[in-house]
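Remarks on the structure that follows.
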Amino acid sequence: MASADIKANRPLSPHLQIYHWAITMTMSIVHRITGGALYFGMLLLVAWLAAVASGPHAFAVAQAIAGSWIGLLVLFGYTWALIHHMLGGLRHFVWDFGYAFGKPARDQIAWANLVGSIILTLLIWGVGIWAR
């Protein structure tokens, strides 16, 4: 049998066109992305703390950047990433105890992760704006 015949009869490796896209797959990918976003968000926090330690002028510049529309958008996204990643961690914690492994429960807890992170982020920002 020729080498080309052997390769032609092999099964294809699974890829995104074969898999049925599920909410649990999406939340797994988003959990990893938010983890990376939190890493870079910590660099922004360190820059802000360095500005605080550097004096009033550097702090005023940092506050002006954070208070701009792009700065507020980044802070809003960081808040959502933090909440979403935390809820994803709690989802995994529930799984560590052996709960919510059935298909309906897996999907429900994944949707709760997404919806809960959006609601909590809006609630946190709403309270912050109201208290301001």
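The values are calculated or read from the model by the stated rules, or taken from the named source; none is laboratory data. This structure is a prediction, so every number in the text was calculated from the model and none was measured. Backbone-built Cβ (ideal geometry, glycine too); neighbour counts: all protein chains shown.
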Original post:
List pairs: first in segment 104-132 and closer than 19 Å to R91 by Cβ and touching a residue at least 40 places away in the same chain (Cβ under 8 Å), second in a helix (DSSP H, G or I) and of a type outside the set (A, V, I, L, M, F, W, C), Cβ under 6 Å, 6+ apart or cross-chain?
Top reply: R106/T24; A110/T24; N113/G88; N113/R91; T121/T79
**OP:** Determine if segment 12-21 includes at least one residue that is closer than 27 Å to H84 by Cα, touching a Gly at 6+ places or on another chain (Cβ under 8 Å) and either modelled with pLDDT of 65 or more or of a type outside the set (F, W, Y) (or both).
**Re:** no
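Table: residues versus (1) aliphatic (A, V, I, L, M); (2) over 13 Å from the mean Cα position of the chain (by Cα); (3) modelled with pLDDT of 95 or more; (4) within 21 Å of L45 (Cβ to Cβ).
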| site | (1), (2), (3), (4) |
| --- | --- |
| I70 | yes, yes, yes, yes |
| G102 | no, yes, no, no |
| L114 | yes, no, yes, no |
| T121 | no, no, yes, yes |
